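All of the numbers you see were taken from the coordinates with simple rules; none came from a lab. For clarity, every value in this text was computed on a predicted model and none was experimentally measured. Reconstructed Cβ throughout: ideal geometry from the backbone, glycine too, with neighbour counts over all protein chains shown.
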Amino acid sequence: MQEDALKWNKKHLEHPMPHTPSDLLQSFLPTLLQLPSKYALDIACGNGRNSKFLAQHGFVCDSVDISEVALQMSANHPKIHTICADLDTYRPTPNHYDVVLNFYFLNRDLFPFIQTALKSKGIFLLETFIKEEDGFNSSQIIDEKILNHGELEHTFKDFEILHKHTSYITRREGEQAKIISFVAQKS
């Protein structure tokens, strides 16, 4: 954990992440506001851009990241509870959240825990890198951190898929990388 924490602390200091909330999250806000309660979990929250957005709209957010530097960026917000944890071992509270966010972080071992962390009718929003349909990895990230086509649909087969879209982004280094935006609701 210490090595990962140092790496991410350095990255947040040297290469600040965007401060605007995800377009996917913004577009689904009207749906999220219809939920009966407002508890959210932001996995690998970074600087808290998405947690802050939800908190501005009445959500109480548990924001988890391994970087203390990143967590300090939202530590004083009254509706955000920061949790410094290694996401290889972190396990969210079962049946506790109305919304779970997972943007640009992939740990497949967390998927079953995300499913159980969501309340009935809870919504999962994910955006991350995905391989091309032929299996090519356009993102230049190690294969273990890249989704395969159909993987989310299989993993969340008991959820209603509300949105699934692939597109390309330009990364900091100028390279194009394929991403998937995915939103699913628990039965």
Could you please find all residues in segment 74-89 being crowded, with 17+ Cβ neighbours inside 10 Å and of a type in the set (Ser, Thr, Tyr)? Ser74, Thr82
Within segment 176-187, track down each residue that is over 16 Å from the mean Cα position of the chain (by Cα) and not in a loop (DSSP other than H, G, I, E, B). Gln176, Ala177, Lys178
Out of curiosity, is Ser74 free of Cβ contacts under 8 Å to residues at least 60 places away in the same chain, farther than 27 Å from Asp143 by Cα and within 12 Å of the chain's Cα centre (by Cα)? no
Which residue, of Glu173, Glu144, is surrounded by fewer than 16 Cβ atoms within 10 Å (Cβ to Cβ), assigned to a loop (DSSP other than H, G, I, E, B), of a type in the set (Asp, Glu) and free of Cβ contacts under 8 Å to residues at least 40 places away in the same chain? Glu173
Could you tell me which of the residues Phe105, Phe124 is touching a residue at least 40 places away in the same chain (Cβ under 8 Å), touching a strand residue (DSSP E or B) at 6+ places or on another chain (Cβ under 7 Å), aromatic (Phe, Trp, Tyr) and not in a loop (DSSP other than H, G, I, E, B)? Phe124
Taking segment 147-170 and the residues there that are in a strand (DSSP E or B) and among the polar types (S, T, N, Q), the one that is surrounded by the fewest Cβ atoms within 10 Å (Cβ to Cβ) would be Thr170
